[in-house]
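Notes follow once the structure below has been shown.
Nothing in this text is a laboratory measurement; each read-out follows from the coordinates by a stated rule. Everything numeric here is computed off the predicted structure, so don't read it as measured data. Reconstructed Cβ throughout: ideal geometry from the backbone, glycine too, with neighbour counts over all protein chains shown.
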Amino acid sequence: MASTLAAVREIRRAQRADGPAAMLGIGTANPAYYVLQDEFPDYYFRVTRKEHLTDLKDTFSKLCRIVGLERRFFHHTEQLLNANPAFLHGTPSALDARLDIVAKAAPVLAASAAAKAIARWGRPATDITHLVVSTSSEARSPGADLGLATLLGLRPDVCRTVLQLNGCSAGCAALRLAKDLAENNRGARVLVACVELTITSFRGPDEGDTFDTLIPQALFGDGAGAVVVGADAVHPAERPLFEMVSASQALIPGSEQLLNMRLGEGGIDGDISFNLPRFAAQNLERCLLDAFRPLAVSGAEWKWNDLFWAVHPGSRGILDHIDSALGLEPRKLAASRTVVRDYGNMLSATVIFVLEELRRRMDEEGDEADEWGMMVGFGPGFTVETMVLHATKS
């Protein structure tokens, strides 16, 4: 019995990596079509044929200004919407058509981001051992994971995992899963791909709409982000970008009604409270203190302004409240602000855009860049995902 147990433990040790997981390549992609945010209210009410709702249009215009975007990218063009008028009204019969569009377009957009991440990683796609795909745009199996694997030419024995309907926090959740896969499977190289297309949630305004119910139409856009994750980077082509030190997830009790999403006959729908930015900031510091507990053994005195920040920018309002709650210097959330301004909220893919922008800024700053940092995501539940990161030097 003792010898058997020793053998099992030895096998287990041999299966695990020696070092921490790290992000080895990052890539992002958007559809070609975009709409400027200051033109979006006119576009939205025109294309949905609701220009007669002038009071609601004024409300929507105010909302579009508040969220702090300059443009958003979409797979669904005006021509596509004109060809599918049922999409404008959430007609149950249109759901299959929406999902068919996503089934074709999502793997292509994800492959564009993944190809960039793989190129920056520096090894062939056939060296990918695990694939983690996250999307809130479809609900079928096989889905974007199989399409993506086929487009990239991944090996048929690649281990596929799909996260669906996890919302904005799913990018962080997918990276948390990739960290565990890389550290528990020696030699594993995990491709994380997050792809979001809002065609499944697009609808026209309704007379009963309010500020809260129109938030998704004013905020969300389309995009894909990809990250290659691996531990023990010994291959000459591999350059760790961010070491993934520790990860955690927290559910804030009693917050289920503040943010949720569901797939129904009319497509993806959900509730986003206008009070969410304030609530998120009020509860964040407690989650951060729990996340940093593993580093307490170092004896270091941590201050929030000593860190770099890769925060999922749900909106400009969330970032403003986090700045205030943590007392952050203006530059700390600059990467998040740039992403939400230039692309909007792309749900799970957004945090990968932030990581890419943050790494670009670090490479420019050189030795002046912060060494330790935190990745933060928010999602339905209300759920807070956190991961302590260590940035490697260029």
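Just a few scattered comments:
- Rounded to the nearest 10 degrees, the angle from helix 350-365 to the longest Cα principal axis of the chain is 60 degrees.
- Note on the chain: Kirkwood radius taken over Cα pairs, Stokes-Einstein applied at 37 °C and 0.692 mPa s, translational D equal to 152 µm² s⁻¹.
- Counted residue by residue at 0.36 nm each, then reduced by the alpha carbon distance between them, the extension gain from Arg361 to Ile11 reaches 121.8 nm.
- Average projection, convex hull of the Cα set of segment 242-391: 9.4 square nanometres.
- Unsatisfied cross-links (Cα-Cα over 28 Å) in the set Lys116/Lys393; Lys50/Lys104; Lys332/Lys393; Lys116/Lys332: Lys50/Lys104
- Residues in segment 189-199 carry Karplus couplings, in order, of 10, 9, 9, 9, 10, 10, 9, 9, 10, 7, 4 Hz; the curve used is 6.51 cos²θ - 1.76 cosθ + 1.60 with θ = phi - 60°, and Gly or Pro positions show x.
- Under-5 Å amide H pairs with Gly223, H placed in peptide plane, nonlocal only: Glu196
- Counting neighbouring beta carbons within 10 Å and listing from fewest to most, the residues His75, His235 come out as His235, His75.
- Remark: the chain carries a charge dipole of roughly 860 debye about the Cα centre, counting +1 on each Lys and Arg Cβ and -1 on each Asp and Glu Cβ.
- Peptides ranked, highest mean first, by Cβ atoms within 10 Å: ranges 115-124, 195-204: 195-204, 115-124
- Ranking of Thr129, Thr210 by count of other Cβ atoms within 10 Å, fewest first: Thr210, Thr129
- Unit charges on C-beta of K, R, D, E only; dipole of segment 242-391, Debye: 360 debye
- Alpha-carbon centroids, segment 158-183 and segment 99-124: separation in whole Å: 16 Å
- Amide H contacts for Trp309 (H built 1.01 Å from N in the peptide plane; partners 5 or more residues away or on another chain; cut-off under 5 Å): Met374.
- Rounded to whole numbers, the Karplus 3J(HN,Hα) couplings from phi for segment 53-63 are 7, 5, 5, 5, 5, 5, 4, 5, 4, 4, 4 Hz, using 6.51 cos²θ - 1.76 cosθ + 1.60 with θ = phi - 60°, and x at Gly and Pro.
- DSSP beta bridges confined to segment 21-231 are antiparallel in about 65 percent of cases.
- For Gly204, the residues whose amide H sits under 5 Å from its own are His89, Gly90, ignoring neighbours fewer than 5 places away on the same chain, with H placed 1.01 Å from N.
- Estimated vicinal HN-Hα couplings, Hz - segment 138-146 in sequence order (Karplus 6.51, -1.76, 1.60; Gly, Pro = x): 9, 8, 8, 8, x, x, 4, 5, 5
- Only one residue of Phe211, Pro31, Thr59 has its Cα farthest out toward the positive end of the dipole of the chain, where Lys and Arg carry +1 and Asp and Glu -1 on Cβ, and that residue is Pro31.
- The residue list His130, Thr200, Ala103 was ranked by how far each Cα lies along the charge dipole of segment 21-231 toward its positive end, using unit charges on Cβ atoms, and His130 comes out on top.
- A Cβ-based charge dipole, computed about the Cα centre of segment 120-161 with Lys and Arg at +1 and Asp and Glu at -1, lands at about 100 debye.
- One decimal place: the segment Asn82-Glu329 gains 84.3 nm when fully extended, by the rule 0.36 nm per residue minus the C-alpha distance.
- Kirkwood radius for segment 21-231, taken over all pairs of different Cα atoms as the inverse mean of 1/r, rounds to 18.2 Å.
- Fewest-first sequence of Cys287, Cys194 by Cβ atoms within 10 Å of each Cβ: Cys287, Cys194
- Using just its DSSP H runs of length 4 or more, each adding -39500 (n - 2.57), the chain gives a mean residue ellipticity at 222 nm of -12500 deg cm²/dmol after division by all residues.
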